[in-house]
Structure formats: structure tokens, C-alpha cells
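Below is one structure, written out as C-alpha cells, with a few remarks after it.
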Amino acid sequence: MKTLAIKLPEEVDARLAATAKRSGRTKSALVREAVMLLLDRTSPARGSAAELAGDLIGSVRGLPVDLSDNPEHLKGFGR
């Protein structure tokens, strides 16, 4: 693991120390978690389209599973 030195305003350090004490975690662990949350929020999504939309697949009810297998839905298509 790499080491990184950062400068924090005293107020931020005090809040970080209090949160670490309350949660029973180290300040380093809290900072690592905060950095990862920021990176996850601001970095482009990773994975295939199916992986990224996995929670959406099959979430819509009442529509045919595949419109291409029902000629009724293709009436007039391409005219």
C-alpha cells in the first residue's frame, strides 16, 4: 500500500478524528473510504452494458419479451 501525506485544516482533522473515534476506525481507513467513494462517483462506469444494466433487465412488465418475434408489433414497419 502506498503512503500519501495530506494537509487538512484543523477543523476537518478534528471532525475526522471524532468520526474515527465514534466509529472505532482509523482516520486513514475513513480517508481511504472517502477517496474511493469520490472516485466511484466521478470515474466512468466500468463493465459491459449488460453488467451495468443488470438490475434493470426484466424490470419492465406487460410488454412482449422480444418485439421482433411478434409480427403484430412489426405491422407497417419500414413503410
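Okay, here's what the table says:
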item	result
Single match in Ala45, Ala49, Ala18 (criterion: at pLDDT below 80 and of a type in the set (A, V, I, L, M))	Ala45
Flag if Ala18 is in a helix (DSSP H, G or I) and under 22 Å from the mean Cα position of the chain (by Cα)	no
Positions within the stretch 2-15 being at pLDDT below 95 and either in contact with an Asp or Glu (Cβ under 9 Å, 6 or more places away or on another chain) or among the charged types (D, E, K, R) (or both), in sequence order	Lys2
Within the stretch 22-49, tally of residues that are surrounded by 10 or more Cβ atoms within 10 Å (Cβ to Cβ), over 16 Å from Leu8 (Cβ atoms) and either over 16 Å from the mean Cα position of the chain (by Cα) or among the polar types (S, T, N, Q) (or both)	2
Tabulated pairs, the stretch 24-35, first of a type in the set (Ser, Thr, Tyr), second surrounded by 12 or more Cβ atoms within 10 Å (Cβ to Cβ), C-beta under 8 angstrom, 6+ apart or interchain	Thr26/Ala20
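The values are calculated or read from the model by the stated rules, or taken from the named source; none is laboratory data. Since we're looking at a predicted model, the values are computed, not measured. Methodologically, a virtual Cβ is constructed for each residue, glycine included, from the backbone with ideal geometry; neighbour enumeration extends over all protein chains shown.
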